[in-house]
Each structure stands twice: as structure tokens, then as C-alpha cells.
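To keep things clear, I will list the structure first and then write my remarks on it.
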Amino acid sequence: MKNDLLFEKRLGYDELTVPLADPYVEEVECKGFSYPVTVVHRIVTRFPRLYTNIVFEQEDHVLKVIEKLANKADKPVSIAKPYLEFSLPEAIELLLRYLVRFHYLVLHLI
């Protein structure tokens, strides 16, 4: 278990590693810290949005994950440019919408 956590922190995308690696996930959304991360799944269509057990406990942790995603793609994210479209090294294409004021994160996997 500890090795898995180390893998997610170093090589992955922290808590978002598993949803981003799922080929059937279309969207990952985080409304901010203390809210559960939700996903839109291609196969599980009975529910429009699935709640996960992933919860960011601190505000700065959401920011760190957003910055990590943007840095891996060599793209800056800021208030002036809250929408980014980029590919991650693992060939995951993302459209990132980020509202700095509320630390709201939406990742559309395209």
C-alpha cells in the first residue's frame, strides 16, 4: 500500500492517478477541497456523475495537483489563462478548466 502511494505521488498525479488512467472516464471534476471528486464514466451510464472516495483535505493540495498536471505538459496555468488543452506524457489528452478563485478543477479527457 505504501509503495502504491509513493508511485502515485512521484510518477502519477497524486489522488487523480487512478481516474486519469481509466480509459472509460470522460471527465474528472473537483469542486474544491473538502468535496469528493466526481467522474463521468462511459460504461456506467445509469448515473450522470459518479462520486469517488477521493477528497482533497486542504486547499493548497488542489493547487499542487493542478500545477503538477500543467507542469508535466509544460503549460502554465493562471488566472489569465484558466483553460488549457494539452497532452500528458502518457498520451492522455486533457482539456483543463480551472477557476482560481474557487479552486475548481474540471478535466475533460479527449
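Counting only residues that are of a type in the set (A, V, I, L, M) and free of Cβ contacts under 8 Å to residues at least 40 places away in the same chain, how many does region 22-37 have?
1
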(message) Please go through region 23-51 and give me each residue that is farther than 22 Å from ASN71 by Cβ and either hydrophobic (A, V, I, L, M, F, W, C) or in contact with a His (Cβ under 8 Å, 6 or more places away or on another chain) (or both), ordered by number.
(response) TYR24, GLU26, VAL39, VAL40, ILE43, VAL44, PHE47, LEU50
(request) Mind listing just one residue for me: the one in region 57-82 that is of a type in the set (D, E, K, R) and farther than 18 Å from VAL28 by Cα and, of those, surrounded by the fewest Cβ atoms within 10 Å (Cβ to Cβ)? (result) ASP74
(request) Specify the residue that is surrounded by the most Cβ atoms within 10 Å (Cβ to Cβ); the eligible residues are those in region 36-45 that are touching a strand residue (DSSP E or B) at 6+ places or on another chain (Cβ under 7 Å) and either over 14 Å from VAL18 (Cα atoms) or not hydrophobic (A, V, I, L, M, F, W, C) (or both). (result) THR38
(request) Determine whether region 46-67 contains at least one residue that is touching a strand residue (DSSP E or B) at 6+ places or on another chain (Cβ under 8 Å), under 13 Å from VAL106 (Cα atoms), hydrophobic (A, V, I, L, M, F, W, C) and without any contact (Cβ under 8 Å) to a residue 40 or more places away in the chain. (result) yes
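Each reported figure results from applying straightforward, stated rules to the coordinates on display, with no laboratory input. Only a predicted model underlies this, so the values are computations on that prediction, with no experimental measurement involved. Glycine gets a Cβ as well: all are built from the backbone with ideal geometry, and neighbour counts include every protein chain shown.
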